[in-house]
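Peer 1: One structure, pasted below without further comment.
Values in this text are rule-based calculations from the coordinates and carry no lab data. Not measured: the values here are computed from a predicted model. As a convention, Cβ positions derive from the backbone with ideal geometry for all residues, glycine included, and neighbour counts pool all protein chains shown.
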Amino acid sequence: MVSVELVKGSTVEVTLAAKGGGSEAKSKFAMLNPSDSIVDWVLKVVPQMGAGWCPPGILGIGIGGTAEKAMQIAKESLMDEIDIHELRERGAKNRAEELRLELYEKVNKLGIGAQGLGGLTTVLDVKVRDYPTHAANLPVAAIPNCAATRHAHIVLDGSGPVYLDPPSLDEWPKLTYDVSGARRVNLDTVTREEAAAWKPGEVLLLSGKLLTGRDAAHLRITQMLNRGEKLPVDFRGRFIYYVGPVDPVRDEVVGPAGPTTATRMDKFTRQMLAETGLLGMVGKSERGPEAIAAIKEFKAVYLMAVGGAAYLVAKAIHASRCVAFAELGMEAIYEFDVRDMPVTVAVDSKGTSVHETGPAEWKQRIAGIPILA
């Protein structure tokens, strides 16, 4: 979407946002009645977004105008700097700022947390923009931005091209990730009995051959199964990674290969587990009741990779080859050779989902904590 605004001056300011599909897919819109509560509506739709938008991030709220105007100003608000803490210190000066503070407090008290696993922080900031509208209408849009905020800001003044320097890594805190206690899993020899011992929330390091497949591949597989045709890939005892890898550049084995939202594959899960012998799935965000029931019935497992970190996830992939449906491009089935790919047990073979237990626990724990205190 390109939005152009003509203003006085001799420069051109450009703000670019490369928005993730996971967060864009969770956009919400409603034409409320003028007497309806915007806060109540937001608190209803944010849990419906699940974890597919890769929280924590920014929540943009657009109010007024027309349906498309509300969506536009909600998205434009996501380009503003995070300043909720400065707003808290100086206090709200208008209704929009009051709404920002109220929603920031109440959304974080939902306990959804990072990657939907529960925690104190679901949103880093809430932005609100409004616009005049018809007295009979109250268009409201809510658009989340994921933790990977890919923005660029440039100013052209006619003196030549603009070059953007990458941010210095020194600006980030030094973090270490200790995987010494993680369970190492050999995908080439793993058994259903072994997978049954994995606990919800446990960190695993996957090595071996990992199949890929998402929407288009799953649709093709189910169509073939329904026609009684033999599949081009044997899924028995295998794991499938919900990903559409980007083409490699230069000496890369594969381009960014982050997980896609697993709930889109829920409608295929029962048939895949029942008719192919698939043992496990890897994706991001929660699974719905239908998929969880199938996982429990067939003693399968669902593992979660970190969303919003596609480039880093790809570092665990050391080889890649297309094994089926090459004409689907990035949606084809590939076989990755992975080494120590970090994942978390999100749904175990007994049907326990950390996306249900985690937020429920945190919502209770933080019920009495003032988020802005």
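Peer 1: Relative to the longest principal axis of the C-alpha atoms of the chain, give the angle of the C-alpha long axis of helix 215-226, reported between 0 and 90° and rounded to the nearest 10°.
Peer 2: Once rounded, one gets 40 degrees.
Peer 1: Just want the ordering: 16, 312, from fewest to most Cβ atoms lying within 10 Å of their own Cβ.
Peer 2: Least to most surrounded, the residues fall as 16, 312.
Peer 1: Once you order the gyration tensor axes a ≥ b ≥ c over the Cα atoms, which shape class does the range 18-86 get: rounded for a/c under 1.5, otherwise prolate or oblate by comparing a/b with b/c?
Peer 2: Because its axes are fairly even, with a/c under 1.5, the range 18-86 counts as rounded.
Peer 1: Residue 137 to residue 92: FRET efficiency via 1/(1 + (r/R0)^6), r the Cβ-Cβ distance, R0 25 Å, to the nearest 0.05?
Peer 2: 0.50
Peer 1: Further, regarding this structure: Could you line up 224, 265 from fewest to most neighbouring Cβ atoms inside 10 Å?
Peer 2: 224, 265
Peer 1: Against the longest principal axis of the chain, how steep is helix 95-108, in degrees 0 to 90 to the nearest 10, with axes from Cα atoms?
Peer 2: 20
Peer 1: Once you have the Cα-Cα distance between residue 323 and residue 184, take 0.36 nm times their residue separation minus that, and quote the gain in nm to one decimal.
Peer 2: 47.5 nm
Peer 1: A further question on this structure: Magnitude of the Cβ-charge dipole of the chain, K/R +1 and D/E -1, about the Cα centre, nearest 20 debye?
Peer 2: Roughly 980 debye, rounded to the nearest 20.
Peer 1: Could you calculate the contour length gain from residue 80 to residue 152, that is, 0.36 nm times the residue separation minus the distance between their Cα atoms, to one decimal place in nm?
Peer 2: 24.8 nm
Peer 1: With a cut-off of 17 Å, note down the residues of the range 225-251 whose backbone N falls inside the zone around a label point 7 Å from the Cα of residue 274 toward its beta carbon.
Peer 2: 225-229
Peer 1: Between residue 105 and residue 335, what FRET efficiency follows from the Cβ-Cβ distance if R0 is 35 Å, with the result rounded to 0.05?
Peer 2: Efficiency, from the Cβ-Cβ distance: 0.15.
Peer 1: Please compute the modelled spin-label separation between residue 209 and residue 33, points set 7 Å along Cα→Cβ, answer in nm with one decimal.
Peer 2: The two pseudo-label positions are separated by 6.1 nm.
Peer 1: Here is a follow-up. For the charge dipole of the chain, defined by +1 on Lys and Arg C-beta atoms and -1 on Asp and Glu C-beta atoms about the Cα centroid, which residue among 32, 212, 255 has the Cα displaced farthest towards the positive pole?
Peer 2: Of the candidates, 212 comes out farthest on the positive side.
Peer 1: Identify, among 166, 141, 185, the residue whose Cα sits farthest towards the positive end of the charge dipole of the range 79-185, taking +1 on the Cβ of Lys and Arg and -1 on the Cβ of Asp and Glu, with the dipole about the Cα centre.
Peer 2: 185
Peer 1: At what distance in nm do the modelled label points of residue 199 and residue 48 sit from each other, each positioned 7 Å from its Cα along Cα→Cβ?
Peer 2: Result: 3.7 nm between the two label points.
Peer 1: Still on this structure, please answer the following. How would the range 192-301 be classified by its alpha-carbon gyration tensor: rounded, prolate or oblate, with rounded meaning a/c under 1.5 and the a/b versus b/c comparison settling the rest?
Peer 2: Since a/c reaches 1.5 but b/c is at least a/b, the shape of the range 192-301 is classed as oblate.
Peer 1: I need the calculated FRET efficiency for the pair residue 13 and residue 219, taking r as the beta carbon distance and R₀ as 51 Å, to the nearest 0.05.
Peer 2: Calculated transfer efficiency: 0.75.
Peer 1: Quick one: 296, 8, 350, fewest Cβ neighbours within 10 Å first, how do they rank?
Peer 2: Result, fewest neighbours first: 8, 350, 296.
Peer 1: Separate question: Explain nothing, just compute: Karplus ³J(HN,Hα) = 6.51 cos²θ - 1.76 cosθ + 1.60, θ = phi - 60°, for every residue of the range 298-311 in order, whole Hz, x for Gly and Pro.
Peer 2: 9, 6, 9, 9, 10, 10, 10, 8, 6, x, x, 10, 4, 5
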